[in-house]
1. For residue 255, are the conditions met, namely being over 30 Å from residue 45 (Cβ atoms), assigned to a loop (DSSP other than H, G, I, E, B) and in contact with a strand residue (DSSP E or B) (Cβ under 7 Å, 6 or more places away or on another chain)?
2. Take the residues in the range 77-108 that are assigned to a loop (DSSP other than H, G, I, E, B) and either without any contact (Cβ under 8 Å) to a residue 40 or more places away in the chain or basic (Lys, Arg) (or both), then tell me which one is surrounded by the fewest Cβ atoms within 10 Å (Cβ to Cβ).
3. If the Cβ limit is 9 Å and pairs must be 6+ apart or interchain, which residue in the range 171-189 that is under 15 Å from residue 92 (Cα atoms) and not assigned by TED's automatic domain parsing to the domain that holds residue 284 pairs with which residue that is surrounded by fewer than 18 Cβ atoms within 10 Å (Cβ to Cβ) and among the aromatic types (Phe, Trp, Tyr)?
4. Going through the range 254-265 one residue at a time, which ones are surrounded by 16 or more Cβ atoms within 10 Å (Cβ to Cβ) and at pLDDT below 95?
Amino acid sequence: MTKAIFTTKVAPSYKDLPEERYHFPRTYLNYVQQAVGDYIIYYEPRRSTADLSSRGGRQSYFGVARVSSVTEDATLADHFFANIDGSTYLDFDTLVPFVEGDEYYESALRKDDGSTNKGAFGRAVRLIPDDEFDRILKAGFAPVIGEVSRLKDASLPGFMEPAVRFERPVVEMLVSRPFRERSFMHNVRAAYSNRCAITSLKLINGGGRPEVQAAHIQPVASNGPDSVRNGLALSATVHWMFDRGLISIGDDFKILVAKNHVPEDAIRLLNKTGSINLPKDSNLFPNNHYLKFHRDKVFKG
């Protein structure tokens, strides 16, 4: 097993879903097979589509996950899927550019003269040593790691001092449920600007902390990932209603209400537009795959 970087576009040419699968040609099969059972980091390139002239990609590392297996693409010869363990996927709390100043997170991307090795950079799958992998994770989760360090509360499972001080590999924090929940909450609140997606309420308590909660669309208990695309910022009452299937969301982002299950007083709380508020960044919109799961498995409508 070895760690790797997987490059994926904002609008991939195939039906990739970073939380579940990564599509690639035979060229990278050996590299991907070496990564099975280990963690990978996702990188988004400058190109936003398959069009060579496209731009708009964030040129940053944006998430981490573990590869569980590799399967052939039954519809396209010499192409494969890296299957992702969805319970391990986690968005970074902040995007990490591939180079900062003259420092490259992947040493293989830097030529001896300090310029970018475009040949190495052009490979969609790249193996990476553990120390460089950990360095990217530290940068990607810096906001939450800093918050945890400030708390200095060793009573929180998963937040013991060795993990905070990085005396062990940072990747070990990825299996800590408290760490994952804190990271997910941080990302969802930031994506929705601390405002409830369904009521537009933005409540800040006396200590300056937002009251809005981070809700999973496809529940963790049903293998839903800790991804912003599987999340919504919701006030407490609406979160309770959503989890119990009293309300849901259509693929057009319209709010759906279960008939005869929601009192008028509660309906009046919902956005008058009939639609949810969306993140400014379209990359963080709720994914239709998870919305469909909620409508099919949770919604009482």
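The values are calculated or read from the model by the stated rules, or taken from the named source; none is laboratory data. Treat the numbers as computed from the prediction; the structure is a model and nothing was measured. All Cβ positions, glycine included, derive from the backbone under ideal geometry; neighbour counts span all protein chains shown.
1. The answer is no for residue 255.
2. Initial filter on the range 77-108 (assigned to a loop (DSSP other than H, G, I, E, B)): 77-78, 98, 101-102, 105-106.
Still in the running and either without any contact (Cβ under 8 Å) to a residue 40 or more places away in the chain or basic (Lys, Arg) (or both): 77, 101-102.
Values: 77: 9, 101: 5, 102: 8.
Out of the qualifying residues, it is 101.
3. From the range 171-189, no pairs qualify.
4. 262
This table checks each residue for (1) surrounded by fewer than 14 Cβ atoms within 10 Å (Cβ to Cβ); (2) of a type outside the set (A, V, I, L, M, F, W, C); (3) part of a helix (DSSP H, G or I); (4) within 25 Å of the chain's Cα centre (by Cα).
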{"residue": "215", "(1), (2), (3), (4)": "no, no, no, yes"}
{"residue": "221", "(1), (2), (3), (4)": "yes, no, yes, yes"}
{"residue": "251", "(1), (2), (3), (4)": "yes, yes, no, yes"}
{"residue": "272", "(1), (2), (3), (4)": "yes, yes, no, no"}
